[in-house]
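Enquirer: Dropping the structure in here first, questions after.
The values are calculated or read from the model by the stated rules, or taken from the named source; none is laboratory data. Treat the numbers as computed from the prediction; the structure is a model and nothing was measured. Quick reminder, even Gly has a Cβ in these numbers, built from the backbone with ideal geometry, and neighbours come from all protein chains shown. Note: accessible area is taken over every heavy atom of the protein model, side chains too, but ligands, DNA and RNA are not part of it. Shrake-Rupley method; radii C 1.70, N 1.55, O 1.52, S 1.80 Å.
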Amino acid sequence: METFLTSCHEEALKANRGDGGPGFHVVLGNEACDMDSMVSVMAYAYFLSKTLSTNAAVLPVLNIPRSEFALRTDNVFLLRQSGVPQDMLIFREQLDLLQLQRTGRLALTLVDHNVLPSSDRDLEGAVVEVIDHHLLEREPSSSCPVTVEMVGSCATLVTERIVQKAPEILDPQLALLLYGTIVLDCVNMAPEAGKVTPKDSQYAAQLETRFPGLPPRGALFQSLQNARFDVSGLSTEQMLLKDMKVVTGGELHLAVSVIYLTLEDFLQRADLEKDLSAFSVEHGYNMLLAMTISFKDNKEPFRQLAIFSHSTLCREEMSQALEQARNPALSLCPISSPHSHIKAYLQGNTQASRKKLLPIIKDFLREREQDYCRADEEEEDCQFPPTPMNSLVEGCPLDNGLPRISAQALEEKFSKMADQEERTRSP
């Protein structure tokens, strides 16, 4: 893996200089860059580098700035355990994807998401493949094979592809990256968490069998979970950025962040509303959703939800959409909030992760935009025609009497009307 990543750095430098071969095949993860996204990018790019028949250089690109990577404490921990140096990773600002697209030198594979955000819509023409485990939003296309299956971890689908097509590239390092990700995403393969599927269990077991030197599952899960929930010393902004996805619809631009502590502790942070306001202004968000997660003594997840917006209308509309959601039902119960611009809930459906919440939010944004468009159309249809001016209206042209029209002008007018009528009758 180190040799591959080193060569990728060299190719990225060539790409930015306009050098290199005929093209670049970039594997791009989602903008949250959680462990599943990071490992799926690295592993699938490595797989493509061994199996692609083209001469394109394959580059794994993490979809965040390098400066934010340290906030992904579980990612940092797994890389350290696997012996992969952080400085070998390629981050979004290190490669000009749009320039490569404009020069016709970019092929793009999406992993752990199946549609590009609106900020990347100009890259859509370069997408040649998708591997994901979220709800399918992409329109079908014969030029872009799509693998979407609602398993617990995208790394499971990447492992499946490697095992089926190139099992020889698996080594203990790559196996640990994939195995650790599957175990963490599927909450130690516990059925009660509602994440694991038979396919996740199948490929985790295959990795365990082939690589008996892997750490014990329970111990590995606990180490990774401890690293993920280590938010000590993080500012409110860093907590929001640590695991965040952005959704846009109409004039609404909102961020959905997973927060790794209880909502009560989060709401008690000093200057919280001030920090949330500053974060919203800096990044251009109208609304922030914080999905907190913690675990009880019996290892069951405990979820809460907070909605922040200075717009009472937006906050109430989102609250109503989430309260009334049925696919899935979130089972929200309002709880006290010490902040006037924050609405807080206990989430009874603990299996409804952000992966299941995002489609609800996107549906709400689409319906909201359609309602506003219909309202605008109805308003235009209901506009009264302008009142015709007559002798009772102030400023009427007739106030000064009838305009003077000469006999010659009348003759010319009637002549034109007769000519027009004759042309209309002629075949």
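Enquirer: Starting from the residue with the highest accessible area, list 67, 142, 309 in decreasing order, probe 1.4 Å.
Expert: On the way: 67 100, 142 130, 309 0 Å².
Putting 67, 142, 309 in descending order of accessible area: 142, 67, 309.
Enquirer: If you roll a 1.4 Å probe over region 43-105 with all protein chains in place, what percent of the accessible area is carbon or sulfur?
Expert: Heavy-atom surface of region 43-105 belonging to carbon and sulfur, 1.4 Å probe: 47 percent.
Enquirer: So, one more: What order do 265, 171 take when sorted by accessible area (1.4 Å probe), most exposed first?
Expert: On the way: 265 90, 171 50 Å².
Correct descending sequence by accessible area is 265, 171.
Enquirer: Applying the Karplus parametrisation 6.51 cos²θ - 1.76 cosθ + 1.60 with θ = phi - 60° to the phi angles of region 344-356, what ³J(HN,Hα) value in whole Hz is obtained for each residue in order, glycine and proline being reported as x?
Expert: Result, rounded to whole Hz: 10, 9, 8, 9, x, 7, 6, 8, 8, 7, 4, 3, 8.
Enquirer: Work out the length of the dipole vector of region 70-212 about its Cα centre, built from +1 on the beta-carbon of each Lys and Arg and -1 on the beta-carbon of each Asp and Glu, and round it to the nearest 20 debye. Each step should come with its number before you reach the end.
Expert: Details: 12 positive and 20 negative charges, 39 e Å.
Charge dipole of region 70-212: 180 debye, to the nearest 20.
Enquirer: Going from most exposed to least, what order do 310, 9 have by accessible area with a 1.4 Å probe? Could you put the intermediate results ahead of the total?
Expert: Details: 310 110, 9 50 Å².
Ranking 310, 9 by accessible area, largest first, yields 310, 9.
Enquirer: Mind pulling the angle between the C-alpha long axis of helix 217-228 and the longest principal axis of the chain? Nearest 10 degrees, somewhere in 0 to 90.
Expert: With rounding to tens, the tilt is 50 degrees.
Enquirer: Also: Just the accessible area for residue 199, please: 1.4 Å probe, Å², rounded to the nearest 10?
Expert: Its accessible surface works out to 40 Å², give or take rounding.
Enquirer: Could you check what % of the DSSP bridge pairs in the chain are antiparallel, to the nearest 5? Don't jump to the answer; show the numbers that get you there.
Expert: Numbers: 24 of 48 bridges.
Just about 50 percent of them are antiparallel.
Enquirer: Just report the Cα centroid separation between region 1-79 and region 254-278, whole Å.
Expert: Rounded to whole Å, the Cα centres lie 32 Å apart.
Enquirer: In degrees, nearest 10, range 0 to 90: what is the angle between the Cα axis of helix 172-185 and the longest Cα principal axis of the chain?
Expert: Around 60 degrees separate the two axes.
Enquirer: If I ignore ligands, DNA and RNA and count only protein heavy atoms, how much of residue 333 is accessible to a 1.4 Å probe, in Å² to the nearest 10?
Expert: 70 Å²
Enquirer: When ligands, DNA and RNA are left out and all protein chains stay put, how many square angstrom of accessible area per residue does region 188-328 have with a 1.4 Å probe? If you can, show how the numbers build up before the last one.
Expert: On the way: 6500 Å² over 141 residues.
That works out to 46 Å² per residue.
Enquirer: Still on this structure, I have one more. Using amide H atoms built 1.01 Å from N in the peptide plane, name the residues 5+ places from residue 106, or on other chains, whose amide H lies under 5 Å from its own.
Expert: When sequence neighbours closer than 5 places are left aside, the close amide H contacts are 24.
Enquirer: Follow-up question, since we're still on this one. Once the convex hull of the C-alpha atoms of region 1-155 is built, how many Å³ does it hold per residue, rounded to a whole number?
Expert: 114 Å³
Enquirer: Rounded to the nearest 10 Å², what accessible area does residue 39 have for a 1.4 Å probe in the complete protein model?
Expert: Roll a 1.4 Å probe over it and residue 39 shows about 0 Å².
Enquirer: Given the Cα atoms of the chain, and with Rh set as the inverse mean 1/r over their pairs in the Kirkwood sense, what is Rg to Rh to two decimals?
Expert: Rg/Rh: 1.18.
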